[in-house]
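**Q** Below you will find the structure I want to go over with you.
The values are calculated or read from the model by the stated rules, or taken from the named source; none is laboratory data. On a predicted model such as this, the values are computed, not experimentally measured, just so you know. So basically every Cβ, Gly included, is an ideal-geometry build from the backbone, and we count neighbours across all protein chains shown.
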Amino acid sequence: MPKHQINPNKWIDLYSDYLFNYTITRVKDRDTAQDLVQETFFAGLKSMKNFKGEASERTWLVSILKRKIIDHYRKINSKKGKAEVRINFSEDGDEDGSWLEKRVADPFDKTAEDNIENTELGLAIHHCLSKLPAKQAEIFKMKTILGYDTEAICNEFDITASNLWVIIHRARTSLASCLEENWL
Amino acid sequence: MNKKRTLFIACEEANHNCDKTQYNEATIWEKIKLTFHLIYCKACREYSNNNAKLTELIKDPKIDCLKPKEKEKIKSCFEKELLEQD
């Protein structure tokens with residue numbers, strides 16, 4: 001019997017945020033990231049029969065998403081290559097460093113290690129969030145990640161402000177201990 | 001009924017104020033009471049440190065997630081597809 005079962009009815013609730021975070025760190029555009037996540041779910045649905053149950057559903061969906069992201073870059077690079085006009089060349093000569101972008105330091109440039117660490121931490125946070133009760137996780141995401149007002153969240157979930165703070169407190173405590181185990 | 005204005009608060013209230021501080025929603029009076037509580041309560045000091053660390057971790061990698069409406073949109077498209085599959 002396979003180790004993992006497949007159940008597409010729960011995919012959106014369980015994996016959409018994780019997959020979205022995975023995508024947005026790689027494509028940097030919200031709309032594109034949403035499209036890619038949606039395409040991944042559709043592709044997963046079509047190839048459900050190929051799921052052998054050896055890896056978890058999430059790992060399997062991530063492997064589909066990776067291919068979608070590669071396809072996305074192939075597509076935009078082929079369009080971009082045709083239209084690209086370089087106008088940032090210095091007239092001073094064709095020695096090394098003639099391109100203007102090479103002449104200035106980029107203070108915002110992060111090293112590859114920083115980027116990898118940030119991506120992994122983001123995924124670890126989403127992994128810990130997926131372990132919280134659904135309502136608690138949703139409220140925490142809205143308050144902490146999306147920055148919604150306390151009042152807006154209270155209206156959306158029909159709860160009082162003190163209920164909200166109790167939920168936030170529980171979520172923060174669970175997350176802190178989960179991250180301590182998995183990350184720090 | 002007016003709440004008694006005291007500088008001494010229970011750990012529960014201190015944690016509540018600490019959470020609100022992480023979202024810049026604590027009043028000055030709440031912050032003062034929290035700071036005073038942290039002077040003599042080791043457990044809350046530890047909670048407060050962990051809480052600040054968590055805020056830093058979440059801000060640093062700029063983690064993102066779907067807004068409820070965006071998720072709803074994906075969900076409704078996917079549910080249509082699921083029905084067609086059946």
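**Q** Taking A:ASP158 and the conditions (1) at the interface with chain B (Cβ under 10 Å from one of its Cβ atoms); (2) at positive phi, which numbered condition does it fall short on, given that it satisfies the others?
**A** A:ASP158 satisfies every listed condition except (1).
**Q** OK, next. Against the definition (of a type in the set (Lys, Arg), more than 28 Å from A:ALA124 (Cα to Cα) and exposed (fewer than 14 other Cβ atoms within 10 Å of the Cβ)), how does B:LYS42 come out, yes or no?
**A** yes
**Q** Among the residues of segment A:132-152, how many are more than 10 Å from every other protein chain (Cβ to nearest Cβ) and either surrounded by 15 or more Cβ atoms within 10 Å (Cβ to Cβ) or under 17 Å from the mean Cα position of the chain (by Cα) (or both)?
**A** 3
**Q** So, one more: Among the residues of segment B:51-72, write down those that are surrounded by fewer than 19 Cβ atoms within 10 Å (Cβ to Cβ) and part of a helix (DSSP H, G or I).
**A** Scanning segment B:51-72 gives B:ALA52, B:LYS53, B:THR55, B:GLU56, B:LYS59, B:PRO68, B:LYS69, B:GLU70, B:GLU72.
Condition check ((1) small (Gly, Ala, Ser); (2) touching a Lys or Arg at 6+ places or on another chain (Cβ under 9 Å); (3) at pLDDT below 90) across all residues:
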residue: B:THR27; (1), (2), (3): no, yes, no
residue: B:ILE32; (1), (2), (3): no, no, no
residue: B:PHE36; (1), (2), (3): no, no, no
residue: B:CYS41; (1), (2), (3): no, no, no
residue: B:ARG45; (1), (2), (3): no, no, no
residue: B:SER48; (1), (2), (3): yes, no, no
residue: B:LYS59; (1), (2), (3): no, no, yes
residue: B:GLN85; (1), (2), (3): no, yes, yes
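**Q** In segment B:35-67, how many residues are facing chain A (nearest Cβ under 8 Å) and among the charged types (D, E, K, R)?
**A** 5
**Q** Go through (1) assigned to a helix (DSSP H, G or I); (2) modelled with pLDDT of 85 or more for A:ALA55 and report which single condition fails.
**A** (1)
**Q** Here is a further query. Among the residues in segment A:28-43, are any outside any helix (DSSP H, G or I) and of a type outside the set (Val, Ile, Thr)?
**A** yes
**Q** State yes or no: is A:LYS49 part of a helix (DSSP H, G or I) and at pLDDT below 90?
**A** Yes, satisfied.
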